[in-house]
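The values are calculated or read from the model by the stated rules, or taken from the named source; none is laboratory data. Just so you know, these numbers come straight off a predicted model, no measurement behind them. Note that each Cβ is placed from the backbone with ideal geometry, even for glycine, and that neighbours are counted across all protein chains shown. Ligands, DNA and RNA are excluded from the accessible area calculation, which covers all protein heavy atoms including side chains. Shrake-Rupley method; radii C 1.70, N 1.55, O 1.52, S 1.80 Å.
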Amino acid sequence: MLFRQLFDPETSTYTYLIADLETKEAILVDPVLEQVDRDLQLIQELGLTLRYCLETHIHADHITGTGKLRDLTGCQGIVPEQAVAACANRHIKDGEVIEMGSIKVEAIFTPGHTNCHMTYGVNGTHLLTGDALFIRGCGRTDFQSGDPGQLYDSINQRLFTYPDETLIYPGHDYRGQTVSTVGEEKQFNPRLAGRDRNSFIELMNSLNLPDPQKIMEAVPANQQCGKVPALS
């Protein structure tokens, strides 16, 4: 398996490139519009064919590159089942698996940050947790139908049931960290370690975070697979 972690410095977003080395077929998870040229160059240099662009959720902090990549490569755009994005080629359900040669990517429904959020498990060893679980943190729950109780359940009942050595690759990191494990986050994540469900809900409801800078343009654009609405 080829596995690459790519970074957008403006929004601290991670994009993941996954490919089967025999078939040369590839998936991009959470591509960023401003990084499409970079991603395409890497795909071409490695001799890959982009089959799918996969979204963990409808993002509020960046505009997805899926629409542009689909236009340029003919790949399919895939979003979670509950996502409001009629433009997508496919809505993926909890438990569904995308197979490419030796690679299996399983959709794991992890709502809470948004009501449509999916984590993607890759070959049982990597969890691409999007905005559900960060390294020593988690996604906010105060807009886009977020629900802290749901997020607590998603993390503890879905993600933390994986073996402790399972790798955690988040959708963002704001402190320069790139990878963690299930065991580390159980032990050291300050929002989760030692907290019951009620105290987690109280914590998340008290954060009072500012809105993402791009929320007003990102959400409607991402509901159209990254197409920025025309100004009237």
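Out of all the residues in the range 154-164, which are out of contact with any Gly (no Cβ under 7 Å at 6 or more places or on another chain) and open to solvent by less than 40 Å² (accessible area, probe 1.4 Å)?
Passing the criteria: Ile155, Leu159, Phe160.
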### Task
At least 1 residues that are in contact (Cβ under 8 Å) with a residue 60 or more places away in the chain and surrounded by 15 or more Cβ atoms within 10 Å (Cβ to Cβ) in each: list the strands (runs of 3 or more DSSP E) lying fully within the range 87-147 that qualify.
97-100, 103-109, 118-122, 126-130
### Task
Please note which helices (runs of 4 or more DSSP H) are completely contained in the range 180-232 and include at least 3 residues that are at pLDDT below 95 and open to solvent by less than 100 Å² (accessible area, probe 1.4 Å).
215-222
### Task
Give Leu17, Leu42, Leu21 a once-over and let me know the one that is open to solvent by 20 Å² or more (accessible area, probe 1.4 Å) and either under 22 Å from Asp71 (Cβ atoms) or assigned to a helix (DSSP H, G or I) (or both).
Leu42
### Task
Say whether the condition of being among the β-branched types (Val, Ile, Thr) and over 22 Å from Ser145 (Cα atoms) is met by at least one residue in the range 78-89.
no
### Task
Identify the residue in the range 16-45 that is β-branched (Val, Ile, Thr) and touching a residue at least 40 places away in the same chain (Cβ under 8 Å) and, among all such residues, is farthest from Gly226 (Cα to Cα).
Thr23
